[in-house]
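*Asks:* After the structure tokens below, expect a handful of questions from me.
The values are calculated or read from the model by the stated rules, or taken from the named source; none is laboratory data. Everything numeric here is computed off the predicted structure, so don't read it as measured data. Every residue, glycine as well, gets a Cβ built from its backbone with ideal geometry; the counts of neighbours run over all protein chains shown.
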Amino acid sequence: MAARAATHSRFPAPGAQEIPRIRAEGVTYLILTFAVGLAAMNTGNNLLYLTLAMMLAFFLVSGILALTTLRRVSGARRLPGRIHAGESVLASLTLRNDKRFAASFALECTDTSAAGDKVLLKFVPQVPPGAEVEVTAEYRFTRRGATRLPGLRIGTRFPFGFIERGRRIPHPLEVLVLPSLDRGPVQGLLRGLGEGGEASQRKGPGDEIHSIRPFQHGDSMRHISWKHSGRTGALLVRDFEMPALRRVTLFLDLSEAATAERIATGHDDEIEAAISRAAGIAAELLNRGFAVRLATHGVVVPHGAGPTQVDLVLETLARLDPYGPVLPPLAMPEVLFGEPAPIEVRPTPPVRNLPGAAP
């Protein structure tokens with residue numbers, strides 16, 4: 001936890017404080033205070049009256065200190081760019097205390113999604129006056145898809161835990177939660193895909209010879225073709241061909257499980273598991289250099305490779321909504337010449353790699 005002077009205003013203005021809530025400890029304390037008050041009135045004992053006055057003052061001071069602690073306190077958070085469902089991610093949470101002389105103590109920061117799911121609970125023991133404190137906070141989203149974080153809630157039970165006060169920080173944040181990556185079926189699929197693919201026909205690093213040409217200044221001596229050079233009497237070098245581009249189509253059909261009864265719940269474990277399998281297969285194939293195309297309900301992501309395609313495929317799966325109208329069965333997409341048969345992912349059975357290759 002690091003504290004530094006507050007020098008800029010990237011924080012939203014804090015909202016109004018919530019109505020204070022008396023906790024169980026506070027209720028117990030008030031019952032004891034009431035009992036002492038009854039005893040004082042019945043006996044007329046000055047010591048009991050003094051004790052009653054001290055207990056009431058103690059409770060009043062507790063409320064005032066809690067109120068002071070939350071005054072002029074704001075906060076903001078920064079989440080990482082890639083978040084997967086079911087995985088914990090570390091975010092940066094910054095609290096700022098704009099009071100000139102008084103510190104803020106025992107702050108509890110809570111962040112909830114628009115659905116009411118609590119995704120963060122962080123305790124910050126102290127924020128000095130006129131300073132910012134940055135801490136690392138852990139977020140965990142249980143479901144994929146777009147979600148909205150309406151804003152932080154900063155609360156405190158300082159100093160004695162009798163009264164809980166809080167205030168909302170209006171700092172809405174839109175978060176796209178990517179599906180979890182289930183890479184379980186990948187190894188078996190890779191054995192079936194092999195190394196085939198459409199030749200790239202492009203010069204570049206590789207093992208296959210693309211062409212033979214005259215030697216030029218700057219060419220590597222290792223690329224000289226001595227056999228061809230001996231026949232012609234001039235130095236000739238080999239140009240190599242980039243490895244074949246291995247194209248794969250990933251076919252995700254959720255219609256078998258997207259029945260009216262299941263989609264009415266807004267969440268189905270089998271459907272989400274199939275989406276996670278598709279995400280894991282796509283991510284692994286793209287990391288291994290395949291050009292992956294995704295075909296699913298209402299969207300087709302063309303063949304592509306590299307980190308950009310990983311992001312595109314995962315974001316498409318994150319936004320996929322199978323919980324609207326009942327999904328009709330999908331038609332199998334056509335594959336390119338030399339491309340293996342599509343990898344079929346359905347809720348049940350989990351994964352099928354159709355036999356045979358395209359003609």
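*Asks:* Just a yes or no: is a residue in region 139-149 among the charged types (D, E, K, R), more than 30 Å from residue 277 (Cα to Cα), surrounded by fewer than 21 Cβ atoms within 10 Å (Cβ to Cβ) and touching a Ser or Thr at 6+ places or on another chain (Cβ under 7 Å)?
*Replies:* There is no residue in region 139-149 that is among the charged types (D, E, K, R), more than 30 Å from residue 277 (Cα to Cα), surrounded by fewer than 21 Cβ atoms within 10 Å (Cβ to Cβ) and touching a Ser or Thr at 6+ places or on another chain (Cβ under 7 Å).
*Asks:* Among the residues of region 74-120, which ones are loosely packed, with under 14 Cβ neighbours inside 10 Å, over 21 Å from residue 179 (Cα atoms) and of a type in the set (Ser, Thr, Tyr)?
*Replies:* 92 - this is the single residue of region 74-120 that is loosely packed, with under 14 Cβ neighbours inside 10 Å, over 21 Å from residue 179 (Cα atoms) and of a type in the set (Ser, Thr, Tyr).
*Asks:* Starting from residues that are part of a loop (DSSP other than H, G, I, E, B) and either under 20 Å from the mean Cα position of the chain (by Cα) or of a type in the set (S, T, N, Q) (or both), keep the ones in region 307-345 and report whichever is surrounded by the fewest Cβ atoms within 10 Å (Cβ to Cβ).
*Replies:* 321
*Asks:* Which pairs have Cβ atoms under 7 Å, sit 6 or more apart or on different chains, and link a residue in region 61-79 that is over 14 Å from residue 133 (Cα atoms) to one that is part of a helix (DSSP H, G or I) and charged (D, E, K, R)?
*Replies:* Pairs that qualify, where the first residue is over 14 Å from residue 133 (Cα atoms) and the partner is part of a helix (DSSP H, G or I) and charged (D, E, K, R): there are none.
*Asks:* From the list 298, 304, which residue is surrounded by fewer than 19 Cβ atoms within 10 Å (Cβ to Cβ), of a type outside the set (S, T, N, Q) and more than 13 Å from residue 247 (Cα to Cα)?
*Replies:* On inspection, the qualifying residue turns out to be 298.
*Asks:* When both residues are 6+ apart or on different chains and their Cβ atoms are under 7 Å apart, which pairs have a first residue that lies in region 314-325 and is free of Cβ contacts under 8 Å to residues at least 24 places away in the same chain, and a second that is surrounded by fewer than 18 Cβ atoms within 10 Å (Cβ to Cβ)?
*Replies:* Close Cβ pairs (under 7 Å, with a partner that is surrounded by fewer than 18 Cβ atoms within 10 Å (Cβ to Cβ)) amount to 316/299.
*Asks:* For residue 107, are the conditions met, namely being under 16 Å from residue 166 (Cα atoms), in contact with an Asp or Glu (Cβ under 8 Å, 6 or more places away or on another chain) and of a type outside the set (D, E, K, R)?
*Replies:* Against the criterion (under 16 Å from residue 166 (Cα atoms), in contact with an Asp or Glu (Cβ under 8 Å, 6 or more places away or on another chain) and of a type outside the set (D, E, K, R)), residue 107 does not qualify.
Conditions tested, residue by residue: (1) crowded, with 20+ Cβ neighbours inside 10 Å; (2) closer than 22 Å to residue 84 by Cβ; (3) modelled with pLDDT of 85 or more.
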| residue | (1), (2), (3) |
| --- | --- |
| 255 | no, no, no |
| 263 | yes, no, no |
| 277 | yes, yes, yes |
| 282 | yes, yes, yes |
| 286 | yes, yes, yes |
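*Asks:* Also, quick follow-up: Residues of region 121-130 being touching a residue at least 60 places away in the same chain (Cβ under 8 Å) and not in a strand (DSSP E or B), which ones?
*Replies:* Matches in region 121-130: 128, 130.
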